[in-house]
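Q: Got a structure for you, questions after.
The values are calculated or read from the model by the stated rules, or taken from the named source; none is laboratory data. Since this is a predicted model, take the numbers as computed values, not measurements. Counting neighbours? That spans all protein chains shown, and the Cβs are built from the backbone with ideal geometry, glycine included. We work out accessible area using only protein heavy atoms, side chains counted, and drop any ligands, DNA or RNA first. Shrake-Rupley method; radii C 1.70, N 1.55, O 1.52, S 1.80 Å.
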Amino acid sequence: MSLERLQKVLARVGYGSRRACEELIAAGRVTVNGEVAALGRQVDTATDRVTVDGVPVGVLPGLVYYLLNKPAGVVTTASDPQGRRTVLDLVPDEPRVFPVGRLDAATEGLILLTNDGDLAQRVSHPSHGVDKEYLAEVAGVPSPGDIRRLRDGIDLEDGRTAPAKVSAVAPNLLRITIHEGRNHQVRRMLEATGHPVVRLVRTRIGTVTDRTLRPGSWRELGPSEVLELSKAASRRPRTTRRRDTRAARAASPPPRPSQ
Ligand code: URA
């Protein structure tokens, strides 16, 4: 068992000074195992579940979060029968980490690797709606109608895609943001418009981005980056949000326009 004072643990993972963390606790914003924590509380970082403002906090010492700029040709799986380099070959061996979600071998750009299973699960789960942004160079020039189709949702063999954010950066270069993460999703969406991908680069994962990280390089996320990502991955599922909005509208119809 590794007991530590709650304010010390929160300060370590980026919630500010110990004094600031004491204030968070005193304000009733911190829970341990579902109960509002009292000042002076000790936690077992191996087993206790801590949240701040409802956002789960990874408190285990030794959690690491790497941001890697994956080059084309490197695979996301742990080992490759064809002997290609894997993302694990590009980051330190210890502690052991795993990739959060996957990028196709041909896709370049940002991918997270961590040993924080809880955050990894929340970031990669489509319902939390963590946006993933891509730059896609495509064959030909998509028309405004093609871009509208991508925005509205495209019928693929595994169902219609959720609306995407799409803008043209150049005639054959689209910035496209999705949150579902189905297999080969961006490639299949663009293929369906008749403009197959020539080059695909992931440029943002939720709140995390980095224009200076060179292909093949990695860096650790800072505590505030982990925190912001964790918040983004704790938002209520989009479908629930949409249903809630409809329910709220039905419960209280809009006021009549005044005469
Ligand atoms: N969409 C794709 O088609 N490929 C990726 O690697 C990521 C998103």
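Q: With springs only between Cα atoms under 10 Å, which of A105, A232, A170 fluctuates most in a Gaussian network model of the chain?
A: Largest GNM mean-square fluctuation: A170.
Q: Would you mind working out the accessible area per residue for the chain, using a 1.4 Å probe, and quoting it in Å²?
A: 54 Å²
Q: Can you give the charge dipole size of the chain about its Cα centre, rounded to the nearest 20 debye, using +1 on the beta carbon of Lys and Arg and -1 on the beta carbon of Asp and Glu?
A: Here the size comes out at about 900 debye.
Q: For the chain, which whole percent of the accessible surface, found with a 1.4 angstrom probe, sits on carbon and sulfur atoms?
A: That fraction is 52 percent.
Q: Among the listed pairs K165/K231; K70/K132; K132/K165, give every one whose C-alpha distance is greater than 18 Å.
A: K165/K231
Q: Still on this structure, I have one more. Just by accessible area at a 1.4 angstrom probe, what is the order of T207, T212, T86, T51 from largest to smallest?
A: Output order, biggest surface exposure first: T212, T207, T51, T86.
Q: What FRET efficiency comes out for the pair Q82/A170, r = Cβ-Cβ distance, R0 = 30 Å, nearest 0.05?
A: Rounded to the nearest 0.05, the efficiency is 0.30.
Q: Once label points are set 7 Å from the Cα along Cα→Cβ at both R199 and S224, what is their separation, rounded to one decimal in nm?
A: Computed distance between label sites R199 and S224 equals 3.2 nm.
Q: Another one. Please list, in chain and number order, the residues 5+ apart from Y65 or on another chain whose amide H is under 5 Å from its amide H, with Hs placed from the backbone.
A: For Y65, the qualifying residues are L221.
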